[in-house]
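Enquirer: Here's a structure for you.
Rule-based calculations on the coordinates, nothing more; no lab input. Because the structure is a prediction, the values reported are computed rather than measured. As a convention, Cβ positions derive from the backbone with ideal geometry for all residues, glycine included, and neighbour counts pool all protein chains shown.
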Amino acid sequence: SANSMWGGRFAAGPDAIMEAINASIGYDRRLAPQDIAGSRAHAAMLAATGIISDNDAEVIREGLLTVLSEIETGDFPFSTALEDIHMNVEARLRDLIGEPAGRLHTARSRNDQVAVDFRLWVRDQCDQADEALGALQKALLGQAEAGADWVMPGFTHLQVAQPVTWGHHMLAYVEMFARDRSRFADARARMNTSPLGAAALAGTSFPIDRDMTAQALGFDRPMSNSLDGVADRDFALEFLASASICAMHLSRLAEELVIWSSAQFRFVKMSDKWSTGSSIMPQKRNPDAAELIRAKIGRIFGANVALMTVMKGLPLTYSKDMQEDKEQTFDAADNLMLALAAMTGMVADMTANRESLKAAAATGFSTATDLADWLVRELGLPFREAHHVTGSLVALAEEKTCDLPDLSLAQMQSVHADIRADVFDVLGVENSVASRTSFGGTAPSQVRAQIATWKEKLE
Ligand code: ARG
């Protein structure tokens, strides 16, 4: 039989496969709270403007609350034949309250309805991402405080470069996640305008009050162009783009945790809660959560590309293609939240190994730059020449299979006669980091100042 919502001109119902490809209720049921909030705002506005009676509006309001509680308790009879959440809710409302239910859709279309529902949902995800990122920043800050002055190797090309502090390294991620938060906040501010009242695409001849519904739903104002209101999904794309960048940061941190927890590095030990064993190798402690974060990030990037691809060829305004916006965004948001929660737990629970960090900091001739700087400062050598002299000293140490501080003064002087004994002061890793006091540098004094600033900001 023909569709009860739009089947007036149809004699027959859809093919089963048509119904399967068309239905979104399998996933857009998640929009039920937003759909009902949007309908409540719309109904109240219809009454306030005299488009429907106050009595009908009240009956609709109560019916919608019943529908919501049925959905929350799992008693709601979802139907694939009714395609999507919007028609499922309305059909159930009609079962519950009868004729007034048919008045709810006055001056509205599923096109502005879905646009407003989805915006509300994505807006909420921006808030959740912000909160989750704040928790992760606090966990990282806790690590930074615990080891503000612990020395570790800083890397470029994953080759030992210069000594840095553990606190400095943790704070680098605090900064990245702060920018992620501001990206979600920017996206949220831009998406916070209401498409409700755009109706199908052209607006409506009913005397609706779009400011009223916008305000009731927490939007700053109604969108100014009805075509734009139903046609664009850039708000979801901004969320996915912000999520992708955040996910990229998470993945880099996850990668570092995998490397750092290996037997070759031993920089960190994951807690039992965040490690897994092997069914054959009894000694194993695997960083599965970090690996899964690293892997799941691909789904978030994928969702971003998928929705860009869905949207790029669509003539204005709505096309059914746009129904494909939701599953991707839901999956990306779910996995982002899961990755953030797992990362926060891992970081909060892990223990940095101060001894291993320090031992590694002294390898790889990590204070060679300090030596070159000393030659410039104390002997007045041009930096390029100092670089060359230091290179020769590194080669000498390599030949003697020792580290730079293990060379004797005589050996040093065989490379450059003016080198004095006080050069050894700059070859220690603690001295090296302590000397990097430039703003934003790795010196413990700088790191402690940054920690204090972040503590205040994150409180
Ligand atoms: N389920 C649809 C979606 O998610 C709702 C909008 C349907 N509008 C329409 N004109 N068929 O996009």
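Enquirer: Among the listed residues S224, S182, identify the single one that is surrounded by fewer than 17 Cβ atoms within 10 Å (Cβ to Cβ) and under 20 Å from S109 (Cα atoms).
Expert: Details: S182 fails: under 20 Å from S109 (Cα atoms).
One residue alone meets the criteria, S224.
Enquirer: Turning to a different aspect of this structure: Determine whether the stretch 337-355 contains at least one residue that is at positive phi and in contact with a helix residue (DSSP H, G or I) (Cβ under 9 Å, 6 or more places away or on another chain). Working first, answer last.
Expert: From the stretch 337-355, those at positive phi are none; that's our starting set.
Within the stretch 337-355, none of the residues are at positive phi and in contact with a helix residue (DSSP H, G or I) (Cβ under 9 Å, 6 or more places away or on another chain).
Enquirer: While we're on this one: Is one or more of the residues making up the stretch 149-167 assigned to a helix (DSSP H, G or I), crowded, with 21+ Cβ neighbours inside 10 Å and of a type outside the set (S, T, Y)?
Expert: Taking the stretch 149-167 first, the residues assigned to a helix (DSSP H, G or I) are 166-167.
With the extra rule that they be crowded, with 21+ Cβ neighbours inside 10 Å, the set shrinks to 166-167.
Remaining after also requiring of a type outside the set (S, T, Y): 166-167.
Yes, the stretch 149-167 contains at least one residue that is assigned to a helix (DSSP H, G or I), crowded, with 21+ Cβ neighbours inside 10 Å and of a type outside the set (S, T, Y).
Enquirer: Hey, does the stretch 377-393 have a residue that's touching a Lys or Arg at 6+ places or on another chain (Cβ under 8 Å), outside any loop (DSSP other than H, G, I, E, B) and either exposed (fewer than 14 other Cβ atoms within 10 Å of the Cβ) or among the acidic types (D, E) (or both)?
Expert: Taking every residue of the stretch 377-393 in turn, at least one turns out to be touching a Lys or Arg at 6+ places or on another chain (Cβ under 8 Å), outside any loop (DSSP other than H, G, I, E, B) and either exposed (fewer than 14 other Cβ atoms within 10 Å of the Cβ) or among the acidic types (D, E) (or both).
Enquirer: Please enumerate the residues belonging to the stretch 103-131 that are more than 12 Å from the ligand (Cβ to nearest atom) and aliphatic (A, V, I, L, M).
Expert: L104, A107, L120, V122, A129
Enquirer: On to the next question. Which of the residues that make up the stretch 46-70 are more than 15 Å from E99 (Cα to Cα), within 36 Å of the chain's Cα centre (by Cα) and buried (at least 20 other Cβ atoms within 10 Å of the Cβ)?
Expert: Let us first name the residues in the stretch 46-70 that are more than 15 Å from E99 (Cα to Cα), namely 46-51, 65-70.
From what's left, within 36 Å of the chain's Cα centre (by Cα): 65-70.
Correct list: V67 only.
Enquirer: In addition: Looking at the stretch 1-19, I want the residues that are surrounded by 13 or more Cβ atoms within 10 Å (Cβ to Cβ) and have a partner that is outside any loop (DSSP other than H, G, I, E, B) with Cβ atoms under 6 Å, at least 6 apart or on another chain. Which pairs are those?
Expert: The qualifying pairs are M5/M87.
Enquirer: To continue, here is another question. Do you know which residues across the stretch 295-350 are within 16 Å of the ligand (Cβ to nearest atom) and not in a helix (DSSP H, G or I)?
Expert: Selection gives L314, P315, L316, T317, Y318, S319.
Enquirer: Okay, next question. Just to be sure, is A189 crowded, with 16+ Cβ neighbours inside 10 Å, under 27 Å from the mean Cα position of the chain (by Cα) and more than 13 Å from F118 (Cα to Cα)?
Expert: Values: crowded, with 16+ Cβ neighbours inside 10 Å: no; under 27 Å from the mean Cα position of the chain (by Cα): yes; more than 13 Å from F118 (Cα to Cα): yes.
Here the answer is no, as A189 does not meet what is asked.
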